[in-house]
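Student: I have a structure I would like to understand better, so I am pasting it below and will then ask my questions one at a time.
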Amino acid sequence: MYLRTVFCTLMLALPLVGCGATADLEAVPQAKAGCEVATAELLKGGDAMLPGRNCMSCHVAGQQAAGEALGTGGTVFGARNSKTCNTGGVDGVTVELLDAAGKVVATTTTNSVGNFHFSPNATNFKNVSARVTKGAMSLKMNTPVDVSVGCATCHSPTGLAGDRIYIQ
């Protein structure tokens, strides 16, 4: 309990953190960056867990969800500047990682809350960018990304990219 509370408290400094603590909803960092308090349902785990938060704050070696490590992950929203985390994600969006030559090296699809993730093996590339596609709409990143961090590190109202990953 103490370690989980300390972890959540320390993580307040990061842009969009979603601690997976199931006992203390008030310990889950909230909203400077537009994330409302997570509901008990969102803390149960699974693919619908904590949309819009930084998946990599928990799903890496040494953190509380290390047993379910991810290569990277994030949420695709329906609006460019979505102010919420728990709602507004878009399902059925294709998310691709592209190498420096533009070749697709990994593909996944968002789930019912807009979440997606790639396995650690899918992110062993240098100079990777990403593309999201739904129907005729497609958006591609113009610069390579550091896939070792969660997408919400930059794609948040307070992050370097200035807005969420979105498809309208």
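Student: Scan around residue 72 for amide H atoms under 5 Å from its own, H built in the peptide plane at 1.01 Å from N, and keep only partners 5 or more places away or cross-chain.
Tutor: 118
Student: Can you put 148, 129 in order, fewest other beta carbons within 10 Å first?
Tutor: Result, fewest neighbours first: 148, 129.
Student: May I ask for the net charge around residue 131, where only other residues with Cβ less than 15 Å from the Cβ of residue 131 are counted and Lys, Arg are +1 while Asp, Glu are -1? Mind showing how you got there, number by number?
Tutor: Values: positive: 103, 134, 140; negative: 96, 99.
Value of the local net charge: +1.
Student: A further question follows. Excluding same-chain residues fewer than 8 positions from residue 126, which aspartates and glutamates have a Cα within less than 17 Å of its Cα?
Tutor: 96, 99, 146
Student: Any lysines with Cα under 30 Å of the residue 44 Cα? List them, leaving off those in the same chain fewer than 8 positions away.
Tutor: 32, 83, 134
Student: Further question: When a/c reaches 1.5 or more, the comparison of a/b and b/c decides; with that in mind, is the range 42-168 rounded, prolate or oblate per its Cα gyration tensor?
Tutor: On the way: a/c = 1.45, a/b = 1.05, b/c = 1.38.
Judged from the Cα gyration tensor, the range 42-168 comes out rounded (a/c under 1.5).
Student: Under 13 Å from the Cβ of residue 75, count the other residues' Cβ atoms, weight Lys and Arg +1, Asp and Glu -1, and hand me the total. Before the final figure, lay out each step's value.
Tutor: Numbers: positive: 53, 164; negative: 47, 91, 163.
After counting each charged neighbour, the total is -1.
Bear in mind that the values in this text are calculations on the coordinates, not laboratory data. The structure displayed is predicted, hence computed values, not measured ones. FYI the Cβ positions are ideal-geometry reconstructions off the backbone, even for glycines, and counts take in every protein chain you see.
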